[in-house]
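Following: one structure in structure tokens, then a few remarks.
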Amino acid sequence: MKELVEKINAEFEVFAENAAAQVEKGNKAAGTRARKSALEISKLMKEFRKVSVEAAK
């Protein structure tokens, strides 16, 4: 589970960097990367929920 949390944190850093570039500089490519990263975060969060529920049993 620790590895999964590290992946989530790393992906969030990528998202934050690209989202900031889009908002502050109007970088359209960064917006695309931010959306892709957000989708990956969503998948990782679903996996985290699954693992977390299993660990709680």
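The values are calculated or read from the model by the stated rules, or taken from the named source; none is laboratory data. The structure presented is a predicted model; accordingly, all values stated were derived computationally and were not measured. As a convention, Cβ positions derive from the backbone with ideal geometry for all residues, glycine included, and neighbour counts pool all protein chains shown. These area figures cover heavy atoms from the full protein model, side chains too; ligands, DNA and RNA do not enter into them. Shrake-Rupley method; radii C 1.70, N 1.55, O 1.52, S 1.80 Å.
Six or more apart or on different chains, Cβ under 6 Å: which pairs go from a residue in region 1-23 that's in contact (Cβ under 8 Å) with a residue 24 or more places away in the chain and among the aromatic types (Phe, Trp, Tyr) to one that's open to solvent by less than 100 Å² (accessible area, probe 1.4 Å) and in a helix (DSSP H, G or I)? Could you list them?
Phe15/Ala34; Phe15/Ser37; Phe15/Ala38
Condition check: among the basic types (Lys, Arg), surrounded by 12 or more Cβ atoms within 10 Å (Cβ to Cβ) and in contact with a Leu (Cβ under 7 Å, 6 or more places away or on another chain). Does Lys36 satisfy that?
Values: among the basic types (Lys, Arg): yes; surrounded by 12 or more Cβ atoms within 10 Å (Cβ to Cβ): yes; in contact with a Leu (Cβ under 7 Å, 6 or more places away or on another chain): no.
No.
Search region 30-57 for residues that are on the phi < 0 side of the Ramachandran plot and pair each with any residue that is loosely packed, with under 11 Cβ neighbours inside 10 Å and in a helix (DSSP H, G or I) when their beta-carbon atoms are under 9 Å apart and the residues are at least 6 apart or on different chains.
Here the result reads none, with nothing in region 30-57 linked to a residue that is loosely packed, with under 11 Cβ neighbours inside 10 Å and in a helix (DSSP H, G or I).
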